[in-house]
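The values are calculated or read from the model by the stated rules, or taken from the named source; none is laboratory data. Because the structure is a prediction, the values reported are computed rather than measured. Neighbour counts run over all protein chains shown; Cβ positions are idealised from the backbone, glycine included. These area figures cover heavy atoms from the full protein model, side chains too; ligands, DNA and RNA do not enter into them. Shrake-Rupley method; radii C 1.70, N 1.55, O 1.52, S 1.80 Å.
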Amino acid sequence: MPHATFEVFRLAMPLVRPFRTSKGEETVRDVLVARWTDADGSSGWAESAADAEPTYFPEYIDSVLLTVERVLLPRLAGERSLTVGRTRAAFADAPGNPLAKGLVETAVLDAQLRRADMSLVDFLGGARRPITVGVSVGIPDSIDTLVSWVAGYLSDGYRRVKLKIAPGWDLAPVRAVREAFGDDLPLQVDANQAYSPADVPLLRRLDDFGLLLLEQPFARHELLAHASLAAGHGTPVCLDESILSLDDAMTAIRLGAADVINIKPSRVGGYLTSRQIHDVCLANGVPVFCGGTLETAIGRAANLALATLPGFTLPGDISATSRYYAADIGASFELDDDGCLIAPTGPGCGVEVDEAAIEAFAVDRHTFPVG
Ligand code: NPG
């Protein structure tokens, strides 16, 4: 008899607006969510940042599914009353694969917390405070469209804007947004690895625009190039795709490659590692913000819980539901009058998952018995 079940649902969630970055365009979010169910029937949910192809991260949807089935779940066979700590210990001898590990670990954690009637906010040790959030604006077809999108987001109540940049779409859009909305708008840019170290003179010109940060200009392995850019003390340099683990974060900090770190829980293997990275950053005076990958309600709720920790001093890439989806798989998140979102404080991530909506969006599913 299996003592637990792990179900993975692949959802096709139509986006309200196409999301284009230097890596490509999405009009429908292709996303994995998963449910862990214990023998006693208690269950928990998790969401993966994996994409259909290895674009932003080395892992991708099919590789996550294979790793979960062949590598991770067999390591949990025979475990009773599974906790997140035991799950991590069981995975410790398998290197890498943070997205796959994060999916299982987070679902087990959510089940554990729901069983114990404890919220993720309280488990992580966060403060019950409103979270200032921002909006990440994809690359449109023209500057005019960009300015009208940003105007719309500001009237929706967002207090911080992140622009996606790419070679040929950098100085002009930033200048246009500064001219339209003024120097006081908290503004940052994200290159998603699109530049090479030879582009430093161009990137230096962004220093004139008073940006909060420049995110991941170079390829993820280019820590030394990021360090040398950061040493110029211009726009603060933020790392995202370079950070797949606690070790990566510690190395980046030691090298001076990151003035800021974007913590995406799924990318680093879940919420325990995210908290460790947060703690190391806080101890070293490196501000962090919570990254996003167009999450559904499940991932968004858990990310908001993480962002209640004190080192999250910069607004996160966690927007209201309506910025992403006309219909979601859990209750909608709405901005308050101060441009903030509130982390749910119900058990686990606090989202009551709408199973009918999961059924409606599912294009593929797998049920793995564990035992
Ligand atoms: O609000 O969730 C959001 C989007 C934030 O820009 C954002 N995410 O490069 O950080 C990124 C980007 C992303 C989206 C990365 C989807 C990977 C997948």
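Please give the helices (runs of 4 or more DSSP H) falling wholly within the stretch 133-207 in which 3 or more residues are of a type in the set (Ser, Thr, Tyr).
143-156
Whenever a residue of the stretch 181-199 is in the same structural domain as Asn262 (by TED's automatic domain parsing), its partners that are aromatic (Phe, Trp, Tyr) and open to solvent by 50 Å² or more (accessible area, probe 1.4 Å), lying with C-beta atoms within less than 9 angstrom and at least six residues away or across chains, give the pairs Leu187/Phe181. Take the residues of the stretch 26-50 that are open to solvent by 20 Å² or more (accessible area, probe 1.4 Å) and within 16 Å of the ligand (Cβ to nearest atom): which is nearest to the chain's Cα centre (by Cα)? Ranking the candidates gives Glu47 first. Ile243: β-branched (Val, Ile, Thr), within 16 Å of the ligand (Cβ to nearest atom), part of a strand (DSSP E or B) and under 25 Å from Asp207 (Cβ atoms), yes or no? No: the conditions fail for Ile243. Looking at the stretch 256-276 only, could you name the residues that are within 16 Å of the ligand (Cβ to nearest atom), of a type outside the set (Gly, Ala, Ser) and free of Cβ contacts under 8 Å to residues at least 40 places away in the same chain? Answer for the stretch 256-276, where residues must be within 16 Å of the ligand (Cβ to nearest atom), of a type outside the set (Gly, Ala, Ser) and free of Cβ contacts under 8 Å to residues at least 40 places away in the same chain: just Ile261.
Counting the residues of the stretch 337-367 that are open to solvent by less than 20 Å² (accessible area, probe 1.4 Å) and assigned to a strand (DSSP E or B) gives 3. Checking each residue in the stretch 30-76 for being assigned to a loop (DSSP other than H, G, I, E, B) and in contact with a Phe, Trp or Tyr (Cβ under 8 Å, 6 or more places away or on another chain) picks out Ala49, Ala50, Asp51, Ala52, Glu53, Pro54. The single residue among Arg75, Arg88, Arg128, Arg114 that is buried (at least 19 other Cβ atoms within 10 Å of the Cβ) and in contact (Cβ under 8 Å) with a residue 12 or more places away in the chain turns out to be Arg114.
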